[in-house]
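Novice: Below is one structure. I have some questions about it.
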Amino acid sequence: MDAGITAEELQLAARNHGIPLEALRHDVTPLGLHYLLTHYDIPVVDPATWELSVSGHVERPLTFSLDALRERPAVTAPVTMECAGNGRARFEPRPISQPWLLEAVGNAEWTGVPLRAVLEEAGVRDGAVEVLFTGLDRGIEGGVEQTYERALPLDEALGEDVLLAFAVNGVPLPPQHGFPLRLLVPGWYGMTSVKWLTLITVLDAPFTGYQNAHAYRWRADADDPGEPLTRIEPRALLVPPGIPDFMSRERFVDAGPVVLEGRAWSGWAPISDVEVSIDGGATWARADLEPPAGPRAWSRWTFQWDAEPGEHVLACRARDAGGRAQPDAAEWNVGGYAHTEPQRVPVTVR
Ligand SMILES: Nc1nc2c(c(=O)[nH]1)N[C@H]1C(S)=C(S)[C@@H](COP(=O)(O)O)O[C@H]1N2
Ligand SMILES: [Mo]
């Protein structure tokens, strides 16, 4: 990573923490170890007066209290979430925003009401094209004052696994993850899953607000309108083995057999292969892959390494069943999104 990290980037990094990579060992990421990303301030919400309203291009506008939502049939699913900006700080030049290296990911068990049933109850009218999800948090971004809100194509909003989630890992959502209710769109990058949700508006024309029209697009340069980011690109991460040096976090491992382990995920298709390199990507060998806990959960993988004394650079990379794979070199883009170049972990074996 390039030097010269700014005080503004540090300010963001201190608010929005990532998963410590050793916590990839947990099948379900414990709360507090899951990554966090909040553009503005975390609101304090009174659950007694909070309401969800469903309106716009529908037959019957609806309003729900939190209790009314909790009484509906709910489902629980393990879902891997990742921020679209994961890897941003590895681009050169570094796009200035939340400076993630690799750690903007987590896999939690989310409980909520299927959005589809709520939209069916409201009766989506002919001509609807998108559904807009509005949170309670406000701020200024790119010079535009706004409430955090994002729209999703109607067919995606009607997807079977899309949830209005009120619990995570068996407890009510904590404030930082969107209390009392958030959208959860499994398989899509995190920006889609609007926290502190209070309005659902069915639209008969595409939404042109900031978070869809300007942010979260693959833009080659400032003049490029770009294409929207949608689903999560495949990625594998490994738990750095051995023990770290405090400052550099370089790893020290004793010679002999070492079981490397990690996780891999894709929002497009199930993970089909994970490969590991112990020579910095010159040669690759297949890791053993375990089945995921659910269709939208990450897959655990392991690799038997006979660690020989010396300096090594470990790396890993994933491919999904649709043929999407991590590139050797990520393509630079204005927002610094989807840097999925393989992770590299230098290790000294003693
Ligand atoms: N209302 C609201 N929803 C939001 C955000 C936000 O700032 N405000 N951040 C988004 C982004 S960019 C990500 S990556 C995820 C992060 O969710 P988490 O903090 O629960 O991990 O929430 C998304 N939903
Ligand atoms: Mo994000």
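The values are calculated or read from the model by the stated rules, or taken from the named source; none is laboratory data. What you are looking at is a predicted structure, and each value in this text was computed from that prediction instead of being measured. Note: ideal-geometry Cβ built from the backbone for every residue, glycine included; neighbour counts use all protein chains shown.
Novice: Within segment 66-81, can one find any residue that is surrounded by fewer than 21 Cβ atoms within 10 Å (Cβ to Cβ), in the same structural domain as residue 193 (by TED's automatic domain parsing) and more than 23 Å from residue 163 (Cα to Cα)?
Specialist: No, because not a single residue in segment 66-81 is surrounded by fewer than 21 Cβ atoms within 10 Å (Cβ to Cβ), in the same structural domain as residue 193 (by TED's automatic domain parsing) and more than 23 Å from residue 163 (Cα to Cα).
Conditions tested, residue by residue: (1) in contact (Cβ under 8 Å) with a residue 12 or more places away in the chain; (2) assigned to a loop (DSSP other than H, G, I, E, B); (3) more than 30 Å from residue 162 (Cβ to Cβ).
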| position | (1), (2), (3) |
| --- | --- |
| 274 | yes, no, no |
| 296 | yes, yes, no |
| 304 | yes, no, yes |
| 313 | yes, no, yes |
| 329 | yes, yes, yes |
| 346 | yes, no, yes |
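Novice: Scan segment 97-125 for residues that are within 16 Å of ligand 2 (Cβ to nearest atom) and out of contact with any Pro (no Cβ under 9 Å at 6 or more places or on another chain) and jot them down.
Specialist: Within segment 97-125, 97, 98, 99, 100, 101, 102, 104, 105, 106 qualify.
Novice: Quick one: how many residues across segment 137-186 are aromatic (Phe, Trp, Tyr) and assigned to a loop (DSSP other than H, G, I, E, B)?
Specialist: Residues flagged as aromatic (Phe, Trp, Tyr) and assigned to a loop (DSSP other than H, G, I, E, B) within segment 137-186 amount to 1.
Novice: For residue 195, which of the numbered conditions (1) assigned to a loop (DSSP other than H, G, I, E, B); (2) over 30 Å from residue 300 (Cα atoms) fails to hold?
Specialist: Going through (1) assigned to a loop (DSSP other than H, G, I, E, B); (2) over 30 Å from residue 300 (Cα atoms) one by one, residue 195 breaks only (2).
Novice: Oh, and also: Report every pair of residues separated by at least 6 positions or lying on different chains whose Cβ atoms are under 9 Å apart, first residue within segment 179-206 and free of Cβ contacts under 8 Å to residues at least 60 places away in the same chain and under 17 Å from residue 265 (Cα atoms), second polar (S, T, N, Q) and within 8 Å of ligand 1 (Cβ to nearest atom).
Specialist: 185/192; 185/193
Novice: Return the residues of segment 120-175 that are over 28 Å from residue 96 (Cα atoms) and either in the same structural domain as residue 335 (by TED's automatic domain parsing) or in contact with a Gly (Cβ under 6 Å, 6 or more places away or on another chain) (or both); say none if nothing qualifies.
Specialist: 163, 164, 165, 166
Novice: Okay, moving on. If we keep just the residues of segment 125-135 that are small (Gly, Ala, Ser) and more than 14 Å from ligand 1 (Cβ to nearest atom), which is nearest to residue 157 (Cα to Cα)?
Specialist: 128
Novice: So if I check each of 182, 150, which one is among the basic types (Lys, Arg), within 17 Å of the chain's Cα centre (by Cα) and under 21 Å from residue 217 (Cβ atoms)?
Specialist: 150
Novice: Just to verify a result, which residue in segment 198-207, among those that are more than 22 Å from residue 177 (Cβ to Cβ) and in a loop (DSSP other than H, G, I, E, B), is farthest from ligand 2 (Cβ to nearest atom)?
Specialist: Residue satisfying both the conditions and the ranking: 204.
Novice: Ok, one more. Cβ-Cβ distance below 6 Å, separation of 6 or more or different chains: which pairs start in segment 91-110 with a residue that is over 17 Å from residue 299 (Cα atoms) and end on one that is at pLDDT below 95?
Specialist: 92/2; 94/2
Novice: Then there's this: Could you check segment 220-229 and list, in sequence order, the residues that are more than 16 Å from ligand 2 (Cβ to nearest atom) and modelled with pLDDT of 95 or more?
Specialist: 220, 221, 223, 224, 225, 226, 227
Novice: So which residues in segment 160-187 are within 11 Å of ligand 1 (Cβ to nearest atom) and of a type in the set (Val, Ile, Thr), if there are any at all?
Specialist: 168, 185
Novice: Looking at segment 123-140, can you tell me whether even one residue there is touching a residue at least 60 places away in the same chain (Cβ under 8 Å), more than 13 Å from residue 200 (Cα to Cα), β-branched (Val, Ile, Thr) and crowded, with 17+ Cβ neighbours inside 10 Å?
Specialist: Taking every residue of segment 123-140 in turn, none turns out to be touching a residue at least 60 places away in the same chain (Cβ under 8 Å), more than 13 Å from residue 200 (Cα to Cα), β-branched (Val, Ile, Thr) and crowded, with 17+ Cβ neighbours inside 10 Å.
Novice: Take segment 69-94 and flag every residue that is within 14 Å of ligand 1 (Cβ to nearest atom) and in a loop (DSSP other than H, G, I, E, B).
Specialist: Listed by number, the residues that qualify are 83, 84, 85, 86, 87.
Novice: Output the residue which, of all residues in segment 95-124 that are touching a strand residue (DSSP E or B) at 6+ places or on another chain (Cβ under 8 Å) and of a type in the set (Asp, Glu), is nearest to ligand 1 (Cβ to nearest atom).
Specialist: Residue satisfying both the conditions and the ranking: 109.
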